[in-house]
Amino acid sequence: MSWFDAGESVPYDEKSDVNFSVPMRIAYLECFSGMSGDMFLGALVDAGVPASLLDKTVSALNVGARLEISRVGRSGISATKVDVWVDGEKDLPREEYWEREDQHSHSRERSRQEHEDHRRTHALPSESLRAGAPAPNKHDHSHGRGLTEIRRIISAAALSDSAKKTAIAIFEALGRAEAKIHNTSIESVHFHEVGAVDAMVDIVCAAVGTEALGVDNIICSPLNVGSGVVKCGHGTFPVPAPSTVELLAGAPVYSSGLEAELVTPTGAAIVKTLASRFAPFPEMKIEKSGYGAGSQDFPGHPNVVRLTVGEAAAALAAKIASETVAVLEANLDDLNPQVFGYVMDRLFEEGALDAFGMPVQMKKNRPGTLLTVLCKPEDASKLTQIVFTETTTLGVRRRDEMRQTLARRWENVPTPWGEVRIKIASMNGTVTNFAPEYEDCRRIAAKHHVPLKTVMQEAARAYLGAGRKL
C-alpha cells in the first residue's frame, strides 16, 4: 500500500500468516538528487539485484529493447548506470530527446521544401497545380501506446503475477495523472513519452527488481525536484512537470536550486506506488546500499539516488502504520464560546482527523483557547479556510508531522437493545485496546431510556463474553 492510500483507519486481518518474529527488512530510498526510472534500476543492481534478472525481464517483454549496465562516477561517487537501448538507439533524457526531435523536424522540413521546390521547377504544368504534402508535425504522437496495449504486453510477459500487478499499477498511476492534466479518461491517454519502450522497461524492471530485493517496506526521503524548465511533447513547462506535480500530491518535496528536471514522471510514479511512507533515515541495522546514477553529471552535486537495505529496529517492525498529517493551530482570545463548538463540528464534517482546544494564557494576560486541528495534507487548505471564516483569528500556523497508528477494525456485538460497534486496536496481532462506539451507545440510550454508561458496560461485556481478550 502506498502512502497515498494510508487513511485514519488501516484494515488488518488478525488471522494473517505473517510471522512477526522474523525481523523486518526495509529499504530507504534517498532522493537528494531526484528520482528517475534508470536511477532506481541502477540503485537496485548496485544493492545486489542480479543484472541478469533485469536482462531476462527485458527479454520477456519482447519489445526490441536491451539494457546496458556500466559503472560511472557522479561528483566523486561511484554508481551503477542503467541505459535502455531500443532498436539500436540509446534512450535519451527528455530534454535531449526533444532537442533531437526538433533538429530532425527542421531537417525533414528543409528536405521537404527542397523536394517541393525541385518538383515545381521541373514539373509539368498539370503537376504544378497539385497540393504539396503537409509538413510533418513534430508533436505527432501516433507512435504512442494506450493503457490497454501496455497492460496486454505486461500481462503476456513471463513474469510473476505480483510483479505484473505492481508494474501495471505504476502505469495506471501515470495514466491517472496524465488524464487529469489533459482532462480526458485514463483509457484515452496515449503514453507518447512515458509509454515509450524505454519507460516500459524501467517500470517493469523496477517492479521485478523490487520483488527480488526482498524487503517488506520501502521508505522514502523528501524528493529534490530541481528547478528551471523542461521541454515536453506539449511544449516547455516549469520544473517539476505537470504530471510529476500531480503524481507527488501529498509528498514532501523541495528544490535545492539546481536547474534541471530531477524527478521525472516515471520516477514519481515508481515512488508513489512502491513507497509506504516518507521519513528521515529510519532506525535500522544496515546490510548493504547501492547508488544509481542519473544521465547528467553536475559539478559538486552527486546525481545519484541511494538505496539502503537493512533490518528494521524491533520497534519499527511492529504492525504500526505511519502517515504524514498536517497540524493546524490558531490562538483564539475573543471568540464567543458558543461558536467554538460549531467550528469543531464544521471541521469534522469537512474531514478533520481530530480537533481540540486547550486553555492558554495569551498576551496582555488574556485567557484564550489554542485550537489544534489534525488533517490529511490535502485537506489542510480547506480546513484553514474554515478556521479563518468561522473564527476571529488572524493567523493559522501549519506544520507536517509523522503520525503512527495502530491497526484497527470494527466488530458488532449484541446488547439487549440492539447491536453496538466495537472499535478494536491491534499490534503484532494482539489486541491492545477496544471501546464501544459512542454514537451507537448514545443512540440506544436515548431511544430506550437507558443510562449511557449501562449501554457501554453491556457492550464491553458482550465483547469479552465472546471469548475475546484484551
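The values are calculated or read from the model by the stated rules, or taken from the named source; none is laboratory data. These numbers come from a predicted model, not from an experiment. Here Cβ is always computed from backbone atoms with ideal geometry, including for glycine, and neighbour counts include all displayed protein chains. When the accessible area is computed, the model is the full protein with side chains, heavy atoms only, and any ligands, DNA or RNA have been set aside. Shrake-Rupley method; radii C 1.70, N 1.55, O 1.52, S 1.80 Å.
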Decide, for the stretch 292-427, between rounded, prolate and oblate: order the square roots of the alpha carbon gyration tensor eigenvalues as a ≥ b ≥ c, take rounded if a/c falls under 1.5, and otherwise choose prolate if a/b is larger than b/c, else oblate. oblate
With 30 Å as the limit, write out which pairs from Lys90/Lys285; Lys272/Lys382; Lys231/Lys376; Lys56/Lys231; Lys81/Lys164 have Cα-Cα distances beyond it, or answer none. Lys90/Lys285; Lys231/Lys376; Lys56/Lys231
Return one whole number: the accessible area per residue of the stretch 353-404 in Å², for a 1.4 Å probe. 63
Using a 1.4 angstrom probe on heavy atoms only, work out the carbon and sulfur share of the accessible area of the stretch 233-377 in %. 53
So how strong a dipole does the stretch 147-243 carry about its Cα centre when Lys and Arg Cβ are +1 and Asp and Glu Cβ are -1, to the nearest 20 debye? 180
